[in-house]
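Bear in mind these aren't lab numbers, they're just calculated from the coordinates by the rules spelled out. The shown structure was predicted, so the numbers you read here are calculated from the model rather than taken from an experiment. Cβ coordinates were reconstructed from backbone atoms using ideal geometry, including for glycine residues, and neighbour counts include every protein chain displayed.
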2 protein chains.
Amino acid sequence: MRIAVCAPSTPIGPDDAARVRALAAAEFPEIELVVHDQCFAQEGHFAGSDAQRLAALLECANDPGSDAVWFARGGYGACRIAEEALARLDQAAQDKPFLGYSDAGYLLGGLYRAHIGQPVHAPMLADIRREGGEEAVRRTLGWLCGQDKAALEPSLAREKHPVVAFNLMTLAMLAGTRLMPGLAGHVVMLEEVSEYLYAVDRLFFHLTAHLGGVAGVRLGRVSAVPENDRPFGASAEEIARYWCARHAIAFLGEAAIGHDAANRIVPFGAGVKR
Amino acid sequence: MRIAVCAPSTPIGPDDAARVRALAAAEFPEIELVVHDQCFAQEGHFAGSDAQRLAALLECANDPGSDAVWFARGGYGACRIAEEALARLDQAAQDKPFLGYSDAGYLLGGLYRAHIGQPVHAPMLADIRREGGEEAVRRTLGWLCGQDKAALEPSLAREKHPVVAFNLMTLAMLAGTRLMPGLAGHVVMLEEVSEYLYAVDRLFFHLTAHLGGVAGVRLGRVSAVPENDRPFGASAEEIARYWCARHAIAFLGEAAIGHDAANRIVPFGAGVKR
């Protein structure tokens with residue numbers, strides 16, 4: 001299985017790639033990991049210019065020889081190239097899994113809307129940097145090889161609705177844009193990192209206004225919340241419950257996703273739970 | 001002229017109120033400033049509970065004896081009470097100016113959508129804390145008294161379209177909600193504070209997708225940008241121009257608004273330029 005890695009948002013370093021290549025060689029001999037040079041490019045905030053990031057993504061996705069596209073890292077930047085990428089993906093991209101989370105959600109959402117490929121919320125290559133990050137990387141590679149039965153987010157086993165998973169900020173920013181997928185009837189899993197709780201409340205105010213018709217919301221980890229000059233007065237779960245209630249959206253409880261090594265895998269939609 | 005002050009978001013201190021009362025007494029004897037006790041309440045992040053903040057806003061707005069409603073301070077919280085407030089405003093609120101900016105934009109936007117009162121982007125009471133803050137406070141009071149001809153944002157003098165002014169984050173969060181006013185044909189002025197440039201880019205990605213049909217965008221100050229681990233690679237104006245171009249929105253240049261003492265006044269709509 002050949003996995004093509006590109007970086008639509010921010011760059012990784014050669015060390016990150018080397019560590020993951022070594023892990024894959026040792027534990028997943030059936031995997032050939034092809035890390036595009038663009039992953040190491042840098043232009044301002046991004047892993048190369050918009051044109052470079054777009055070209056690498058198209059090369060990886062449209063290569064008939066690659067079996068999956070793995071996003072190297074989040075950060076910010078995928079939304080700038082997503083629309084043009086979608087317009088130029090070809091037949092070779094059609095049935096491929098695309099894996100990532102956080103900022104990669106702009107692409108996962110757009111792909112899902114366009115019915116291209118199989119968008120999958122999953123740990124990325126750069127997660128190797130985290131404490132316990134090898135476990136996260138192993139989870140994605142193992143799931144791709146069909147070996148890791150414990151990789152999937154646990155509620156999926158009994159879920160009857162199609163499911164998507166997003167970073168809260170990312171889905172809030174997608175709402176109303178040409179990348180936003182229709183989510184009626186879906187369970188929407190949300191996680192967040194490094195945002196004040198007042199910002200989490202503000203994002204839920206915005207996003208829940210766009211989630212009419214969803215089957216429900218599950219909340220993943222809301223981690224690394226910065227300390228404010230005073231306590232917000234409600235937990236992240238209370239915030240989620242409050243805004244769901246205001247919009248008559250079912251709050252379904254926790255989701256095992258987040259910006260951490262325990263981040264589980266969520267294939268978008270239903271019926272693709274290898 | 002009686003000005004009723006309430007705090008739909010976060011609290012002020014008694015010192016803030018005392019300083020502004022003294023300034024008003026000394027320079028604007030025709031003004032009676034009535035600062036609602038709720039302005040000093042505190043519950044978690046907010047100036048009292050949602051119920052307290054809502055009640056105070058309704059008291060101020062629905063009081064036939066008050067001539068204007070002045071929001072004390074931004075922060076975060078107005079979006080939680082805005083919908084219910086709009087539903088309960090009565091005839092007494094109909095022609096009153098409502099003045100504020102930043103988080104108060106949720107109310108200004110909702111009022112404008114509902115055609116209630118005269119929403120006005122203007123310095124708030126808490127601006128007295130800023131360096132040069134007396135000038136900002138004086139600008140709002142002077143404009144209310146019809147004295148300060150230099151209070152208005154300068155481009156208004158030659159603008160033929162109706163104009164609104166918002167904090168970028170606030171308008172991005174309003175988009176698609178039940179508080180979002182129709183802005184077709186309007187010039188939209190935007191300012192931001194304390195956001196990374198990648199977040200400014202992300203907000204423009206989102207917001208410009210919702211601004212179809214506007215007459216154009218003007219950019220106010222984007223201030224107190226935190227230093228990131230690397231330069232973003234584009235200025236705030238370049239970011240605004242980029243996203244406006246992608247959506248065929250006219251970029252009209254600067255606006256003299258921002259989170260600072262020089263923040264000028266923008267009455268929403270057209271023809272109310274006292």
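Indicate the gyration tensor shape class of segment A:155-219 (rounded, prolate or oblate), computed on the Cα atoms with a ≥ b ≥ c the square roots of the eigenvalues: a/c under 1.5 is rounded; otherwise a/b larger than b/c is prolate and the rest oblate. Oblate, because a/c is 1.5 or more while a/b does not exceed b/c. Counting only DSSP H runs of at least 4 residues, each contributing -39500 (n - 2.57), and dividing by the residue count of chain A, the helix-based mean residue ellipticity at 222 nm comes to -10000 deg cm²/dmol. Legend: P(r) of segment B:23-134 from all alpha carbon pair distances, 10 Å bins from 0, whole percents, reading 14, 49, 32, 6. Ranked by how many other Cβ atoms sit within 10 Å of their own Cβ, fewest first, the residues A:HIS210, B:HIS186 fall in the order A:HIS210, B:HIS186. Scattering from segment A:100-144 was approximated by placing one identical point on each alpha carbon and applying the Debye formula without solvent; log10 I(q)/I(0) at 0.16, 0.27, 0.31 1/Å stands at -0.46, -0.91, -1.03. Across peptide B:69-76, the average count of Cβ atoms from other chains found within 10 Å of a residue's Cβ is 1.
If you restrict to DSSP beta bridges whose two residues both lie in chain B, what percentage is antiparallel, to the nearest 5? Within chain B, antiparallel bridges account for around 10 percent of the total. A convex hull fitted around the alpha carbon atoms of the protein assembly as shown yields 130 Å³ per residue. Between helix B:50-62 and chain B, what is the angle of the helix's C-alpha long axis to the longest principal axis, kept within 0 to 90° and rounded to the nearest 10? Tilt of helix B:50-62: around 70 degrees. So, R0 is 56 Å and r is the distance between the beta-carbons of A:ASP148 and A:ASP229; what FRET efficiency does that work out to, to 0.05? Calculated transfer efficiency: 0.80.
For segment A:134-274, the Kirkwood hydrodynamic radius from C-alpha pairs, put into Stokes-Einstein at 25 °C and a viscosity of 0.890 mPa s, yields a diffusion coefficient of 157 µm² per second.
For the segment B:171-181, counting C-beta atoms of other chains within 10 Å of every residue's C-beta and taking the mean gives 4. Sorting the segments A:254-263, B:15-24 by their mean number of nearby beta carbons within 10 angstrom, highest to lowest, gives A:254-263, B:15-24. Sorted from shortest to longest, the distances between the A:GLU43 label points of this copy and the other copies are 5.1 nm, with each point 7 Å from Cα along the line through the beta carbon. Among the aspartates and glutamates, which fall within straight-line cross-link reach of A:LYS149, defined as a Cα-Cα distance under 18 Å, with same-chain neighbours fewer than 8 residues apart omitted? Partners within reach: A:GLU27, A:GLU30, A:GLU134, A:GLU135, A:GLU159. Counting partner chain Cβ atoms within 10 Å of every residue's Cβ in B:190-197, what's the average? Mean inter-chain Cβ contacts per residue within 10 Å come to 1. Summing Cβ point charges (Lys, Arg +1; Asp, Glu -1) relative to the Cα centre of segment B:141-274 gives a dipole of roughly 560 debye. Each copy carries B:ALA22; placing its label point 7 Å along the C-beta direction from Cα gives inter-copy distances of 6.7 nm, listed from smallest up.
Sorting A:83-94, B:217-228 by their mean Cβ neighbour count within 10 Å, with the most densely packed peptide first, gives B:217-228, A:83-94. For B:GLN94, the point set 7 Å out from Cα toward Cβ sits 6.2 nm from its twins in the other copies, listed from shortest up. The residue list A:ASN228, A:VAL193, A:ALA136 was ranked by how far each Cα lies along the charge dipole of segment A:128-228 toward its positive end, using unit charges on Cβ atoms, and A:ALA136 comes out on top.
Using the alpha carbons alone, the radius of gyration of chain A stands to its Kirkwood radius in an Rg to Rh ratio of 0.95.
Need one word for segment B:1-79: rounded, prolate or oblate. Basis is the Cα gyration tensor (sqrt eigenvalues a ≥ b ≥ c); a/c below 1.5 gives rounded, then a/b vs b/c decides. In terms of gyration-tensor shape, oblate. Among chain A residues, the one whose Cβ is nearest the axis of the rotation from A to B, given with its distance rounded to whole Å, is A:GLY176, 2.
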